[in-house]
1. Kindly state which strands (runs of 3 or more DSSP E) lie completely within segment 153-269 and contain at least 1 residues that are touching a strand residue (DSSP E or B) at 6+ places or on another chain (Cβ under 9 Å) and in the same structural domain as Gln134 (by TED's automatic domain parsing).
2. May I ask you to verify whether Thr233 is of a type in the set (Val, Ile, Thr) and surrounded by fewer than 19 Cβ atoms within 10 Å (Cβ to Cβ)?
3. Please state which one of Ala326, Ala225 is surrounded by 15 or more Cβ atoms within 10 Å (Cβ to Cβ) and either under 12 Å from Val194 (Cα atoms) or polar (S, T, N, Q) (or both).
4. Of all the strands (runs of 3 or more DSSP E) wholly in segment 315-402, which have at least 3 residues that are more than 28 Å from Tyr259 (Cβ to Cβ) and either of a type in the set (Gly, Ala, Ser) or not assigned by TED's automatic domain parsing to the domain that holds Ile221 (or both)?
5. Report yes if Tyr58 is out of contact with any Gly (no Cβ under 7 Å at 6 or more places or on another chain), outside any helix (DSSP H, G or I) and modelled with pLDDT under 95, otherwise no.
6. Of the residues Ser303, Ser296, which is among the small types (Gly, Ala, Ser), exposed (fewer than 15 other Cβ atoms within 10 Å of the Cβ) and either in a strand (DSSP E or B) or touching a Cys at 6+ places or on another chain (Cβ under 9 Å) (or both)?
7. List pairs: first residue in segment 122-135 and under 15 Å from Gly153 (Cβ atoms), second residue among the acidic types (Asp, Glu) anywhere in the structure, Cβ distance under 6 angstrom, at least six positions apart or on different chains.
8. Mind telling me which of the residues Thr109, Thr125, Thr113 ends up being surrounded by fewer than 22 Cβ atoms within 10 Å (Cβ to Cβ), touching a helix residue (DSSP H, G or I) at 6+ places or on another chain (Cβ under 8 Å) and either at pLDDT below 90 or polar (S, T, N, Q) (or both)?
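The values are calculated or read from the model by the stated rules, or taken from the named source; none is laboratory data. Source: prediction; values computed, not measured. Don't worry about glycine lacking a Cβ; one is built from the backbone with ideal geometry, like all the others, and counts go over all protein chains shown.
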Amino acid sequence: MLTNKNIVIGVSGGIAVYKVLDVVSRLKKLNANINVIMTKAALEFVKPLSFQSLSQNYVVTDMFSEPKTWDVEHISIAQKADLFLIAPATANIIGKIANGIADDMLSTTVMATRAPVLIAPAMNTNMYNNPIVQRNIANLRELGYKFIDPASGRLACGDYGLGKLASPEDIVENIIGVFDNRLKKSLGGKKILVTAGPTQEPIDPVRYITNHSSGKMGYAIARAARDRGAEVTLVSGVTNLKKPIGVKVVDIVTTEDMYAEVFNYFDEADIIIKAAAVADYKPKDVAENKIKKSDSNFSIELSRNPDILLELGKVKGDKILIGFAAETNDLLKNAKIKINKKNLDFIVANNISEKGAGFKGDTNIISIIDSLGSIKKYDKMKKEEIAEIILDKVYDLIKLKE
């Protein structure tokens, strides 16, 4: 994904410096080439050797140190960059860039680069909200600099509020987004509704019926659709997954909750991808208090939940509707029945009993069956890769309808 991309990372002085080590490690695993520039203040938190070991390139720390090459160093690094990341970005370095000050290697190199610049602020919440800092950020945004907004939480100084450096996962995700221009355009202007995760049906205030869905497939689809330029709404059951940046996430619990929210957003959607694993049945009666254990057996009478996908198929019109089939036997037979009964454009089928397929894991083994009965089987791959395959097929359908 980032193979042979040259990413320059400017590290300024803040306690969040240690998180940037993780960013470098993640980018190297994606085959990016990393050069790190550290300010004098950054050296007070982490030694250059740490970044050098992870990036496998020497670290620049002093504009007047003996050069490692015969090039004018700040110019050569600036020209080499495909992307320039500043993390953590203190109020000081943001102010320098905003006001054209170039008095160290980092600020000088930023001034000399023509590459996209991503800035990830990290500072005390009162500093971040200071009108001077906010003015500097606004000015830089207007000039085309991109920002990775900080997170809220407990800061190193003990305060609570906005100012924490974005997580390494978010920073890397933003970097990938900058490079993925082809994908950014392919679904531009489309509104996509994705469902993900399990639903939970309460038995009493303590217990509920659910399934093993982790939501990973639906979340991967939502992120990939966002990266292709779509406006994405993700209706999600209860998961442990981080909400994707730039995606509207609607949290639900029960199947009836999901039914209501799906139809709430249905009219405005061009494409609906129903990746959630909903509970087909729910307890007919929910106990108001915790059901106490006794010496006798206990049974629960179940009633049928609404079939969300079936109801969507009845009213889909010109919309693209995609379903999933998780089976343990007769995979293709059951999937074909489902695609016809529920009026789907295509269905993504997988046998959850196969090793490397199904719930919770990061991989899956799928077959895609279209409305004409054509079947294409895929070997085991990451769910992120499957998301791209699904959206490629969606794109093809859009072109056929145009």
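1. It comes to 160-164.
2. no
3. Within the list Ala326, Ala225, the selection yields Ala225.
4. none
5. It is true that Tyr58 is out of contact with any Gly (no Cβ under 7 Å at 6 or more places or on another chain), outside any helix (DSSP H, G or I) and modelled with pLDDT under 95.
6. Values: Ser296 fails: either in a strand (DSSP E or B) or touching a Cys at 6+ places or on another chain (Cβ under 9 Å) (or both).
Of the residues listed, the single one that is among the small types (Gly, Ala, Ser), exposed (fewer than 15 other Cβ atoms within 10 Å of the Cβ) and either in a strand (DSSP E or B) or touching a Cys at 6+ places or on another chain (Cβ under 9 Å) (or both) is Ser303.
7. Thr125/Asp159
8. Only one candidate passes the filter, namely Thr113.
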